[in-house]
1. Taking the condition crowded, with 17+ Cβ neighbours inside 10 Å and touching an Asp or Glu at 6+ places or on another chain (Cβ under 7 Å), does ARG39 pass?
2. Out of the residues in the range 269-283 that are within 23 Å of GLY148 (Cβ to Cβ) and touching a Lys or Arg at 6+ places or on another chain (Cβ under 6 Å), state the one that is nearest to ligand 1 (Cβ to nearest atom).
3. Got a sec? Which of SER52, SER6 is surrounded by fewer than 21 Cβ atoms within 10 Å (Cβ to Cβ), free of Cβ contacts under 8 Å to residues at least 60 places away in the same chain and more than 25 Å from HIS70 (Cα to Cα)?
4. What about THR266, is it within 14 Å of ligand 1 (Cβ to nearest atom) and either under 28 Å from PHE80 (Cα atoms) or modelled with pLDDT of 95 or more (or both)?
5. Somewhere in the range 40-53, is a residue modelled with pLDDT of 95 or more and assigned to a helix (DSSP H, G or I)?
6. Of everything in the range 174-195, what is polar (S, T, N, Q) and within 16 Å of ligand 2 (Cβ to nearest atom)? Give them in sequence order.
7. Tell me, which helices (runs of 4 or more DSSP H) wholly within the range 129-239 include 2 or more residues that are within 14 Å of ligand 1 (Cβ to nearest atom)?
8. What about ARG174, is it farther than 24 Å from ALA108 by Cβ and modelled with pLDDT of 95 or more?
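The values are calculated or read from the model by the stated rules, or taken from the named source; none is laboratory data. Here the structure is a predicted model, which is why all the values come from computation and not from measurement. As a convention, Cβ positions derive from the backbone with ideal geometry for all residues, glycine included, and neighbour counts pool all protein chains shown.
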Amino acid sequence: MQTQISSLTIARPDDWHVHFRDGAALRSVVGHTARRFARALVMPNLKPPVTSVEAAREYRTRIVDAVTAHPGLLQAGAGFTPLMSLYLTDNTAPQEIALAKQSGFVHAVKYYPAGATTHSDAGITRLERVYPALEAMQRHDLPLLVHGEVADAEVDIYDREAVFIDTVLSQILRRFPGLRVVFEHITTREAVQFVQGAGAKLGATITAHHLLYNRNAIFQGGIRPHYYCLPVLKREEHRSVLLAAATGGDPKFFLGTDSAPHARGTKETACGCAGVYTAHAALELYAEVFDGAGVLDRLEPFAAFHGADFYGLSRNVEKVRLERSAWKVPDAYPFADASLVPLRAGDSVAWKLV
Ligand code: NCD
Ligand code: ZN
């Protein structure tokens, strides 16, 4: 029998896709991310959405305040930097893109097809409407992040990512060959193959939950709302392709948790919100994935190098240490004046952050 690695020290990772929410909810969750990651790219789907550099500046301040108000949230000696994104709308002005680039703290602009997911009703209705903004982003070299699913109710929910590739993403890449694009939280073989076949300007994030679970998890002995997210979990054959992509060492794939907190009551209901909360164990869950694939040595590039390189930011020099030591996830965490149910609630995670 091969001896098992019992601990692992890697460069402090970054989370390239996270939802922090705002106000008391933000203060409830931000510590989970700040403790593990040096930087996180914060999604702009607040209500109202973060559509201007000024709004991003104010949101950034609230995040920094939430972290510094609780110094115990951070690892000893470690810092945490939120990286901001803007929410692209049909009306985003090229001038706002220029301001975003100049700001130094806005690192990307997020494309949500209108109606595709949580808080996306201000999203894009027709691709042509955002050509001026995309042209400005290409010119200023500001990356576009896409929620890669069509919102068309007539398209089967399991096909929405593949249809997005054919009808939207291909067109964006063709028309704006100099634009850096991140295909967020990819879930299918079609997405993996498309990213692999595209040029170096296209990257992709992969969540821990899409690497760990297939769609059976949503229906295990009953309906399990805490496994419901968008894009929805897919068949095993897709999960295995994602796993190969994440663990294969290709720099186009990098860590993005898409940790998306929702109060328990808004998920355990007749029409529950989409979103899986993983920030409490984000790095540890990815360690399980890479350990399971027998390539723990590839966790560091996936979690700490590929994303930074894609975004043109320096790699982190601080380190974090993980131990093979199972711990029990609480049944719930406080979330503003409610609670949220994290992934693996009441169950164990095999790796622990020291
Ligand atoms: C996200 C959220 O709750 O904000 N939900 C999700 O299921 N991933 C939105 C998103 O990223 O699609
Ligand atoms: Zn998301």
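1. Values: crowded, with 17+ Cβ neighbours inside 10 Å: yes; touching an Asp or Glu at 6+ places or on another chain (Cβ under 7 Å): yes.
Yes.
2. Taking the range 269-283 and keeping what is within 23 Å of GLY148 (Cβ to Cβ), we get 272-279, 282.
Then drop every residue that is not touching a Lys or Arg at 6+ places or on another chain (Cβ under 6 Å), which leaves 273, 282.
Details: CYS273: 6, ALA282: 14 Å.
Going through the qualifying residues, I end up with CYS273.
3. Values: SER6 fails: free of Cβ contacts under 8 Å to residues at least 60 places away in the same chain.
Being surrounded by fewer than 21 Cβ atoms within 10 Å (Cβ to Cβ), free of Cβ contacts under 8 Å to residues at least 60 places away in the same chain and more than 25 Å from HIS70 (Cα to Cα) holds for just one of SER52, SER6, which is SER52.
4. Values: within 14 Å of ligand 1 (Cβ to nearest atom): yes; either under 28 Å from PHE80 (Cα atoms) or modelled with pLDDT of 95 or more (or both): yes.
Yes; evaluated as a whole, the condition is true for this residue.
5. yes
6. Going through the range 174-195, the residues polar (S, T, N, Q) turn out to be 187-188, 193.
Scanning the range 174-195 gives a single hit, THR187.
7. Working: elements: 131-140, 160-164, 170-175, 189-197, 208-212.
Passing ranges, in order: 160-164, 208-212.
8. On the way: farther than 24 Å from ALA108 by Cβ: no; modelled with pLDDT of 95 or more: yes.
Considered against the rule, which asks whether it is farther than 24 Å from ALA108 by Cβ and modelled with pLDDT of 95 or more, ARG174 comes out as no.
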